[in-house]
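Down below is the structure, laid out as structure tokens.
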Amino acid sequence: MLIAPVLLFSMVAHEYAHGYAALKQGDSTAYQLGRLTWNPVKHIDPFMTVLLPILTFVIGSFIFGGAKPVPVNPRNYRNFKRGDIIVSLAGVAVNAVIAVACTIAIILLGMLGRAIPAAAGTFGILQIMLDYGILFNLVLIFFNLLPIPPLDGSHVMKYLLPPAWAMQYQRIGFYGLPILIVLLTIGSPILRVWMSPMFALYGLADQAVAPYLLRLPWA
């Protein structure tokens with residue numbers, strides 16, 4: 001119950017950031033199609049957001065899914081390469097801002113809860129939600145930076161490769177979803193190595209907020 005709104009907000013913010021960055025780079029596709037919005041309904045994909053998470057949980061005992069990607073047309077960018085990189089990294093940049101904001105908010109709520117004991121229970125629940133916010137946004141950052149087309153990280157990786165290699169590399173995008181499913185199952189040791197900095201950052205954030213966590217009545 002506490003997880004769903006935090007995760008949904010984080011995914012919507014990620015997609016909104018892509019659309020807003022694209023608009024600033026000269027592409028109004030997302031805006032014209034009504035996708036430059038905070039309305040979560042517009043970002044829900046029947047397969048990626050609903051069916052795939054259920055299937056992966058039932059079949060593989062893990063949850064994998066995502067929001068509906070915001071449509072962009074890179075040909076409209078004023079500078080193709082610069083625009084592509086900025087738009088691709090906009091989502092993870094916003095997730096980083098949210099993770100930092102959640103950390104600061106937990107500390108402030110802890111200070112307020114001790115100053116206003118009557119509100120400590122409510123603030124404590126908000127702290128739990130914000131802690132999920134830190135975790136989810138860090139996961140979104142590192143997962144989306146995986147250099148597997150069409151994830152965000154691949155839009156940076158392709159510019160680090162020779163042109164001929166980059167063309168072949170982008171064709172992997174046709175098999176991107178199956179590759180990710182394999183990575184989440186039999187390739188999980190590789191994924192754990194990639195995500196290890198995320199767990200380290202989450203640990204540092206938890207250490208920073210630990211002195212400010214409020215004790216809940218039922219805890």
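The values are calculated or read from the model by the stated rules, or taken from the named source; none is laboratory data. Keep in mind that what you see is a predicted model, and the values were worked out from it rather than measured. With ideal geometry, Cβ positions are generated from the backbone for all residues, glycine too; neighbour counts draw on all protein chains shown. All accessible areas refer to the heavy atoms of the entire protein, side chains included, with ligands and DNA or RNA removed. Shrake-Rupley method; radii C 1.70, N 1.55, O 1.52, S 1.80 Å.
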Inset, instruction - Kindly list, by first and then second residue, each pair from a residue in segment 18-34 that is on the phi > 0 side of the Ramachandran plot to a residue that is assigned to a loop (DSSP other than H, G, I, E, B), limited to pairs with Cβ atoms under 7 Å and residues at least 6 apart or on different chains. - result: GLY26/TYR77; GLY26/ARG78
Legend entry - In segment 68-84, the residues that are open to solvent by 50 Å² or more (accessible area, probe 1.4 Å) and closer than 30 Å to ILE134 by Cβ: LYS68, PRO69, VAL72
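For the condition small (Gly, Ala, Ser), assigned to a helix (DSSP H, G or I) and under 18 Å from the mean Cα position of the chain (by Cα), what is the one hit in GLY173, GLY124, GLY153? Explain how you work it out, then say what you get.
Numbers: GLY173 fails: under 18 Å from the mean Cα position of the chain (by Cα); GLY124 fails: under 18 Å from the mean Cα position of the chain (by Cα).
Residue meeting the stated conditions: GLY153.
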Inset, instruction - Mind counting the residues in segment 151-169 that are touching a residue at least 40 places away in the same chain (Cβ under 8 Å) and more than 15 Å from ILE86 (Cα to Cα)? - result: 0
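Being under 20 Å from TYR16 (Cβ atoms) and modelled with pLDDT of 95 or more is true for just one of ALA67, ALA99. Which residue is that?
Numbers: ALA67 fails: modelled with pLDDT of 95 or more.
Matching residue, one of ALA67, ALA99: ALA99.
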Legend entry - Members of segment 74-89 found to be within 27 Å of LEU138 (Cα to Cα) and not basic (Lys, Arg), listed by number: PRO74, GLY83, ASP84, ILE85, ILE86, VAL87, SER88, LEU89
Inset, instruction - Within segment 102-130, count every residue that is under 30 Å from ALA22 (Cα atoms) and of a type outside the set (A, V, I, L, M). - result: 2
Legend entry - Single unsatisfied condition, LEU109 versus (1) under 30 Å from VAL72 (Cα atoms); (2) part of a helix (DSSP H, G or I); (3) in contact with a helix residue (DSSP H, G or I) (Cβ under 7 Å, 6 or more places away or on another chain): (1)
Inset, instruction - Would you check which residues across segment 132-142 are open to solvent by 40 Å² or more (accessible area, probe 1.4 Å) and either of a type in the set (S, T, N, Q) or more than 14 Å from PRO197 (Cα to Cα) (or both) and list them? - result: TYR132
Inset, instruction - Determine which member of the set LEU216, LEU201 is out of contact with any Lys or Arg (no Cβ under 8 Å at 6 or more places or on another chain), open to solvent by 60 Å² or more (accessible area, probe 1.4 Å), under 30 Å from ALA105 (Cα atoms) and of a type outside the set (Phe, Trp, Tyr). - result: LEU201
